[in-house]
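Step one of this worksheet: look at the structure below.
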Amino acid sequence: MNSPDRPAAPTTDVTTWSLEQTSPADLEPAKAPDGDVTVVRAGVPSPEFSRFLYTAVGGDVRWTDRLGLTYAQWQGIVDRPGAETWVAYVDGTPAGYIELDPQDDGVVEIMYFGLLPAFRGRRIGGHLLGVGAARAWDLAERWPGRQPTRRVWVHTCSLDGPHALANYERRGFRLFDTKVAPEPEVAAPGPWPGAFPV
């Protein structure tokens, strides 16, 4: 409850879209971008690298839900059975990533996906999303005993950039839910405190 002499924290309405694919045939791969772009699985679970990707990609679009996690909590995230992180590199430099989270009953969630600001608008995102979604459909091949994937889903929101929703739709994801809710306004933290001017 707010005190009478303290104003309520400012909020902004945020639209969240949930999208899904229910068959590998839904996936529409993107044309590979120009230049030396590779997409590689991060084969050694690393809290440091995972946190770097999270803050570098999400810092200017208000990804804050994992910022307060301890090292042990980050370790738990990267050690989840079947979880995978795929990283796009441009000339050897990390440009973005996609994090896959296998769930029950053959469901895979794309937990996080995006590019560092310097690499946006270069057709890398569509390619990375296509590679990541294809991998989500094939997870059972790498993890023995896992039920074959029957659904891949993701959510994005109006804070994620002007092309995020369209990129998912171009890759064959279909909208199944839309919600609008107020969220506290927070300064974009950047990859480190003070990285972005207020």
Is it true that some residue in segment 161-171 is exposed (fewer than 12 other Cβ atoms within 10 Å of the Cβ), farther than 19 Å from residue 53 by Cα, at pLDDT below 90 and out of contact with any Leu (no Cβ under 7 Å at 6 or more places or on another chain)? yes
Result of the Cβ filter at 9 Å on segment 111-138, keeping first residues that are crowded, with 23+ Cβ neighbours inside 10 Å and partners that are in a loop (DSSP other than H, G, I, E, B) and among the aromatic types (Phe, Trp, Tyr), at least 6 apart or interchain, is 114/63; 129/173; 133/173
Verdict on residue 79 being acidic (Asp, Glu), on the phi < 0 side of the Ramachandran plot and without any contact (Cβ under 8 Å) to a residue 40 or more places away in the chain: yes
Do we have any residue at all in segment 52-67 that's within 14 Å of residue 135 (Cα to Cα) and within 17 Å of the chain's Cα centre (by Cα)? no
Does residue 112 fit the bill of being under 16 Å from residue 88 (Cα atoms) and modelled with pLDDT of 95 or more? yes
If you check 34, 13, which single one turns out to be exposed (fewer than 10 other Cβ atoms within 10 Å of the Cβ), part of a strand (DSSP E or B) and not hydroxyl-bearing (Ser, Thr, Tyr)? 13
Can you find a residue that is at pLDDT below 95, in contact with a strand residue (DSSP E or B) (Cβ under 9 Å, 6 or more places away or on another chain) and either at positive phi or outside any helix (DSSP H, G or I) (or both) anywhere in segment 19-30? no
Taking segment 4-48 as the region of interest, how many residues are without any contact (Cβ under 8 Å) to a residue 24 or more places away in the chain and within 17 Å of residue 100 (Cβ to Cβ)? 2
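Residue-by-condition table, conditions (1) surrounded by 15 or more Cβ atoms within 10 Å (Cβ to Cβ); (2) touching a helix residue (DSSP H, G or I) at 6+ places or on another chain (Cβ under 6 Å); (3) free of Cβ contacts under 8 Å to residues at least 40 places away in the same chain; (4) at negative phi:
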position: 89; (1), (2), (3), (4): yes, no, no, yes
position: 97; (1), (2), (3), (4): yes, yes, no, yes
position: 103; (1), (2), (3), (4): no, no, yes, yes
position: 107; (1), (2), (3), (4): yes, no, no, yes
Exactly one condition in (1) in contact with a Ser or Thr (Cβ under 6 Å, 6 or more places away or on another chain); (2) part of a loop (DSSP other than H, G, I, E, B) is false for residue 180; which is it? (2)
Could you please give the count of residues in segment 57-96 that are part of a loop (DSSP other than H, G, I, E, B), among the small types (Gly, Ala, Ser) and over 17 Å from residue 190 (Cβ atoms)? 3
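The values are calculated or read from the model by the stated rules, or taken from the named source; none is laboratory data. What you see is a predicted model, and the numbers here were worked out from it, not measured in a lab. When we count neighbours, we look across all protein chains shown, and the Cβ atoms used for this are built from the backbone with ideal geometry, even at glycine.
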